[in-house]
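Engineer: My questions will all concern the structure given below.
The values are calculated or read from the model by the stated rules, or taken from the named source; none is laboratory data. Since we're looking at a predicted model, the values are computed, not measured. Virtual Cβ from ideal backbone geometry, glycine too; neighbours counted across all protein chains shown.
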Amino acid sequence: MIIGWGDIAVSGAALFGDILALLGAALATGYFFVGFRARQHLSLNAYTFLIYAAAAAVLFAYCVTLGVPLAGYADTDWAVFLGLAIFPTLLGHSVFNWSMRWVSATVISVVVLCEPIGASALAWLIFGTLPQLSHYIGGSAVLLGVLVFMRYRHPPPAASGAG
């Protein structure tokens, strides 16, 4: 809410983007809960193949339906597409999918809340986009919330032996 409040002053489009991000977070949570159950029975390769194939099929149908071209992009665009396929997908989401066999979907869903903070840092480094004060405050609140969750969700084991 803090980040969204700051974006109201920027534009309606920025606030709409925040609403889409919130919707995406809700859908990602559902994705992780379904994935957690599926990963108990499927290997990482089988699971990621199914998930990434389904995503490719949906994106292909989206492009065809809306007339978005599938070719004709500049080489720099293809480099960005490749970078997005490698880093956030194969190295990012595949790590989450790998960890679902051993870590609860709740923990993964909470840790995913840090993604926008990382994306903001990359936007600053790559594009020079400076976050607003509300983004710093909201991002700090998110990090604090994740840290509190991790601390009290998984408390350290009690010391053993006589003390």
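Engineer: Quick test of your reading of the structure: Val68 fulfils all but one of (1) loosely packed, with under 12 Cβ neighbours inside 10 Å; (2) of a type in the set (A, V, I, L, M); (3) within 18 Å of the chain's Cα centre (by Cα). Name the failing condition by number.
Structural biologist: Exception for Val68: condition (3).
Engineer: For Gly145, are the conditions met, namely being of a type outside the set (A, V, I, L, M) and at pLDDT 85 or above?
Structural biologist: Yes: the conditions hold for Gly145.
Engineer: Let me ask you something else. Assuming Ala28 fulfils every condition listed in (1) more than 28 Å from Val110 (Cβ to Cβ); (2) at pLDDT below 95; (3) hydrophobic (A, V, I, L, M, F, W, C) apart from one, which condition is it?
Structural biologist: (1)
Engineer: Let me ask something else about it. If you check Ile117 against the conditions, is it hydrophobic (A, V, I, L, M, F, W, C), under 19 Å from Tyr31 (Cβ atoms) and surrounded by 15 or more Cβ atoms within 10 Å (Cβ to Cβ)?
Structural biologist: no
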